[in-house]
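Encoded as structure tokens, the structure appears first; notes follow it.
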Amino acid sequence: MKLVFILSAPAREENIGAAARAIKTMGISELRLISPLCDPLGERARATAHGSLDILEQAGIFESLQEAKADLSMLIGTAAKKRNIREDRHPVDALPEILLAKKDLLHTVGVAFGGEESGLSNRELDLCDLLTTIPMVRPYPSLNLAQAVMVYAAALSKVTLELARKKPRPATADELNIVREKALQVLSDVNIPAGHIIHRRIMERLMLLGKDDMHLFHSFCKYYQKKK
């Protein structure tokens, strides 16, 4: 499993450079930028990156979050404000347990952050499989983009340290995407549309299943397909 950090429409060079430094310090080597509003290789970005120029120079540039997430097994969204009382927002410190429970099922996991002014848009949040937040005693003054990236990178260092202890193994089929596709087919068969709250809740809860439960759902889908 590989972790990727994604910044959508970052506006300040300093935040991009600081984000590169933060993720490299915590063992994460890939940064993706969506339509940056400043020069990600500018002088201020390079100055704050300090020792992480390789992250900046290799950062992928994308036009949309949809494009940036194309190869991801899971996309985690970050949000300070709750949009819907029915949706779950998991605290950042819960992420290591969620990810390590299914580390053999995931190839690449993205963590997406919005721009400095308003964060991820509602449309971008709808593209995410899980929504997460940083619990704060007071919402204001809020953390800036670089600080939020550092908090997530530090929390996820539990994942990178655990994975570093494991010997690399050849990549296998992306089981999580297979399970996701089967769940979407079942929902379609019972006429629950993608925009329905039940559809979103089921897909969100699916991302929280552990490895054994994933395999159980996979087995259920095999029997379901035979009965169609």
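What follows is calculated from the coordinates using simple rules that are stated; it is not laboratory data. The structure presented is a predicted model; accordingly, all values stated were derived computationally and were not measured. In this analysis, Cβ positions are derived from the backbone assuming ideal geometry, glycine residues included, and neighbour counts consider all displayed protein chains.
Just a few scattered comments:
- Rounded to the nearest 10 degrees, the inclination of helix 197-206 to the longest alpha-carbon principal axis of the chain is 80 degrees.
- Cα centre as origin, Lys/Arg/Asp/Glu Cβ charges: region 113-160 dipole, Debye: 240
- Shape call, region 172-227: gyration tensor on alpha carbons, a/c limit 1.5: oblate
- The chain - charge dipole about Cα centre, Lys and Arg +1 at Cβ, Asp and Glu -1, debye rounded to 20: 840
- Antiparallel %, DSSP beta bridges [both residues in the chain], to 5: 5
- Tilt relative to the chain, helix 13-25 - C-alpha long axis, 0 to 90 degrees, to 10: 60
- Estimated distance in nm for a label pair at Asp213 and His199, the labels positioned 7 Å out from Cα along Cα-to-Cβ: 2.3
- Candidate values [x] 17.5; [y] 18.4; [z] 19.0, label of the one derived for Kirkwood radius over Cα pairs in Å: [y]
- Asp126 versus Glu181: modelled label distance in nm, points set 7 Å from Cα along the beta carbon direction: 2.4
- The C-alpha atoms of the chain define a longest principal axis, and helix 175-189 lies at about 60 degrees to it.
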